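The values are calculated or read from the model by the stated rules, or taken from the named source; none is laboratory data. Keep in mind it's a predicted model, so treat the numbers as computed, not measured. Ideal geometry is used to build each Cβ from the backbone, glycine not excepted, and the neighbour counts take in all protein chains shown. Protein only, heavy atoms only, side chains kept; ligands, DNA and RNA dropped before computing areas. Shrake-Rupley method; radii C 1.70, N 1.55, O 1.52, S 1.80 Å.
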Amino acid sequence: MSDKKSEKAYELGFEYEKNYGGCAQCAIGALYEMFPELKNEAIFKSATGLGVGIGLTTSGSCGALAGTIMVLSQIYGRELENIEDPERKRFVAYRLSEKLVNKFLDEYGTVTCSEIQKKLMGKSFYMYEEWEKLENKGVDEVIDT
């Protein structure tokens, strides 16, 4: 992916997250907008539960990371019909995923949602209790209160 397309996908992902929520789906949606030939509704839909560290818990890995890895795997992963994978296609997805994880580790020091939230916003949000406040007031006001 060119640097320009990477930057645009990154910006779109942030914009989607700001407007719609669901970090995994926002990352996938941004990538699909940049690469419409990849668009797959089943993959987009299957990322729903990965939002905010899996199921809004912030306990799991970053949803944006997981969603991006889903698209990388869509391109470079193995197929069910060829699960034995003698060509070792899955190792391309593994290597690219490792690169992305290392990028997150360099930038945030973690791949865990709650820790990334703390680094970016000064605290982690338990979304089941704070969702409405965040939607109504926005992150900046909730952090200040």
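What's the local net charge at Cys26, with K and R +1, D and E -1, over the other residues with C-beta under 11 Å away? Net of charged neighbours comes to -2. The share of accessible area on the chain that comes from carbon and sulfur is 54 percent, using a 1.4 angstrom probe. Mean sequence separation of contacting Cα pairs (under 8 Å, at least six apart), scaled by the length of the chain, corresponds to a relative contact order of 19 percent. Sorted on the mean count of surrounding Cβ atoms within 10 Å across their residues, most packed first, peptides 79-90, 59-70, 13-24 read 59-70, 13-24, 79-90.
Phi angles of the range 110-127 translate, via the Karplus equation with coefficients 6.51, -1.76, 1.60 and θ = phi - 60°, into HN-Hα couplings of 6, 10, 7, 3, 4, 6, 5, 4, 4, 5, 7, 10, x, 7, 9, 9, 8, 4 Hz per residue; Gly and Pro are given as x. Applying a DSSP loop filter and a limit of 14 other Cβ atoms within 10 Å to the chymotrypsin sites (Phe, Trp or Tyr not before Pro) in the range 46-138 leaves Tyr126. Largest accessible area first, the listed residues Ser114, Ser46, Ser6 line up as Ser46, Ser6, Ser114 when surface is computed with a 1.4 Å probe on the assembled protein chains.
Could you tally the net charge around Ile69, taking each other residue with its Cβ under 11 Å from the Cβ of Ile69, Lys/Arg +1 and Asp/Glu -1? Local net charge: 0. With all protein chains kept in place, the per residue accessible area of the range 32-105 amounts to 61 square angstrom at a probe of 1.4 angstrom.
For the chain, the Stokes-Einstein estimate of translational diffusion at 4 °C and a viscosity of 1.567 mPa s comes to 81 µm²/s, using the Kirkwood hydrodynamic radius over alpha-carbon pairs. Taking each DSSP H run with n ≥ 4 as -39500 (n - 2.57) and averaging over every residue of the chain yields -20500 deg cm²/dmol at 222 nm. Could you tell me how many degrees, from 0 to 90 and to the nearest 10, lie between the Cα long axis of helix 23-34 and the main elongation axis, the longest principal axis, of the Cα atoms of the chain? It works out to around 50 degrees.
Pairs exceeding a 22 Å alpha-carbon distance, out of Lys45/Lys133; Lys5/Lys133; Lys5/Lys99; Lys99/Lys123; Lys8/Lys103: Lys45/Lys133; Lys5/Lys133; Lys99/Lys123.
Rolling a 1.4 Å probe across all protein chains gives Leu12 an accessible area of roughly 20 Å².
Restriction of the trypsin sites (Lys or Arg not before Pro) in the range 32-87 to DSSP coil positions whose beta-carbon has at most 15 other beta-carbons within 10 angstrom yields Lys39. Rounded to whole numbers, the Karplus 3J(HN,Hα) couplings from phi for the range 66-78 are 4, x, 5, 5, 4, 5, 4, 5, 4, 7, 10, x, 8 Hz, using 6.51 cos²θ - 1.76 cosθ + 1.60 with θ = phi - 60°, and x at Gly and Pro.
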